[in-house]
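Just below is one structure, and these are the notes that go with it.
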């Protein structure tokens, strides 16, 4: 009898788990007949109103019991505008939030309970990089879009040097550096193979270095029991040889090293790439149109960022945008309903396509788009990762200091990482 009871409980548990997946995927329209979501809720974000207006027109038409309004904010002032509005009690009910702001706003977000969306259902429905929104207290946001870091390469430069295809692995990139980096008679750099080694004039320098760290297996930051976040950089130095990774990165700015290909005389790496003075540029999928506009005649293509050879996994850095519910919303029920509906396949597909980046939902990867670049973006989005950044400005300073301490010989690689680890821990405790 006891065995039969255990079997019944197990069957019920499995059935409930399967049911939860179908409910959230939209296959089972639960609650539609008794929708209690009413009134108006306001959503803030930095997505252009010209994109959101048509999307929300369709959204509101499909959900007539309530109204979702959108307010576009400047990307440069979004963080301050949102903080001030929430502090004054007149903030939005919902807001688009990127992974690098999730940690900062975790105490101002109404977390989605794991009773409403289980961890298994979340991981089944959303790609891995979305898991940055998972905390011990609940889910910080419904994921919507993924913006993976890619490798843009100048095909004309590769062709002129007899290079058939871009590097797949870092080891292959190393072999190409002496071929593609051009110097004058006094060894002054004229053209560069790749922008690495420095910080100030390299777009996304921190993200490039953290990509290298995470490709070895380091998570940068980890959540302990009780919801406390800590830096694991120091613990990972010997485990993942992070000192060798930092040395590899800074070697590209070391005039005495064979990898020397970048210094402070160059403009920003994005501008150098558009000026065709840089063969490989590490940038986000969302930068495609701006790069085309900078130099419409440039012959470039896009591929995945290089990987560590013989590694048992692939990884690139990625930005994930989700929709979060404000804990100060005066209409939490409708805000939750709106947020969950925004995370359905129809809206996620329309939004990601409009932005020219990848969707967060796994079901949308079953059929690849026919666009020239989107399939490549989709592929990289599947193995994109990120980490809980407590403050982009402050961590920029920490990683900049780590790099420059090595370049100036004021610290060795292990000392610089240990110093960065201590500063990052202080930041995480604020």
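Any read-out appearing in this document is the output of simple, stated calculations on the displayed coordinates, not a laboratory observation. If you're wondering where the values come from, they're calculated on a predicted model, not measured in any experiment. Note: ideal-geometry Cβ built from the backbone for every residue, glycine included; neighbour counts use all protein chains shown.
By counting other Cβ atoms within 10 Å of each Cβ, how are 127, 232 ranked from fewest to most?
232, 127
Rank 231, 128, 265 by mean-square fluctuation in a GNM of the chain with C-alpha springs under 10 angstrom and give only the top-ranked residue.
Looking only at 231, 128, 265, the largest GNM fluctuation is found for 265.
Quick one: compute the contact order of the chain, relative version, from alpha carbon pairs under 8 angstrom and 6+ residues apart, as a percent.
Averaging sequence separation for qualifying contacts and normalising by length gives 26 percent for the chain.
Starting from the alpha-carbon convex hull of the stretch 123-262, give the projected area averaged over all orientations, in nm².
For the Cα atoms of the stretch 123-262, the hull's average projected area reads 11.5 nm².
Which semi-axis lengths, in whole Å and largest first, follow from the square roots of five times the eigenvalues of the Cα gyration tensor of the stretch 52-97?
Semi-axes from the Cα gyration tensor: 24, 13, 6 Å.
Explain nothing, just the number: relative contact order of the stretch 285-405, from Cα pairs under 8 Å at least 6 residues apart, as a whole percent.
30
Classify the stretch 231-323 as rounded, prolate or oblate, taking a ≥ b ≥ c as the square roots of the eigenvalues of its Cα gyration tensor: rounded when a/c is under 1.5, otherwise prolate if a/b is larger than b/c and oblate if not.
Here the stretch 231-323 falls in the oblate category.
What Rg and what Dmax come out for the chain when only alpha-carbon atoms are used, in angstroms?
23.3, 88
Counting residues in the stretch 163-209 as N, plug N into 2.2 N^0.38 Å and put the Cα Rg over that result.
1.29
Can you bin the stretch 64-160 into rounded, prolate or oblate? Criterion: square roots of the alpha carbon gyration tensor eigenvalues sorted a ≥ b ≥ c, rounded for a/c under 1.5, prolate for a/b above b/c, oblate for the rest.
Judged from the Cα gyration tensor, the stretch 64-160 comes out oblate (a/c at least 1.5, b/c at or above a/b).
Calculated from DSSP H runs of 4 or more alone, at -39500 (n - 2.57) each and per residue, what is the 222 nm mean residue ellipticity of the chain, nearest 500?
My calculation for the chain gives -13000 deg cm²/dmol from helical runs alone.
Report the extension gain between residue 187 and residue 124 in nm, rounded to one decimal, defined as 0.36 nm multiplied by the number of residues separating them, less their alpha carbon distance.
17.4 nm
Fewest Cβ neighbours within 10 Å first, please rank 67, 177 accordingly.
67, 177
Considering the chain as a Gaussian network with a 10 Å cut-off on Cα pairs, which listed residue, 279, 62, 335, attains the greatest mean-square fluctuation?
62
Full-extension gain between residue 49 and residue 61, please, as 0.36 nm times their residue separation minus the C-alpha to C-alpha distance.
Once the chain is fully extended between residue 49 and residue 61, it gains 2.6 nm.
Relative contact order of the stretch 35-145: what whole-number percent is it, with Cα pairs under 8 angstrom and at least 6 residues apart?
Relative contact order here is 26 percent.
With a/c under 1.5 counting as rounded, go ahead and sort the stretch 286-338 into rounded, prolate or oblate using the C-alpha gyration tensor (a ≥ b ≥ c being the square roots of the eigenvalues; past the cut-off, prolate if a/b is larger than b/c, else oblate).
In terms of gyration-tensor shape, oblate.
Subtracting the Cα-Cα distance from 0.36 nm times the residue separation, let me have the gained length for residue 136 to residue 396 in nm, one decimal.
Contour length minus the Cα-Cα distance gives 90.9 nm.
For each of 368, 214, 151, 402, count neighbouring Cβ atoms within 10 Å of the residue's Cβ, then give the residues from fewest to most.
Fewest-to-most Cβ neighbours within 10 Å comes out as 368, 214, 151, 402.
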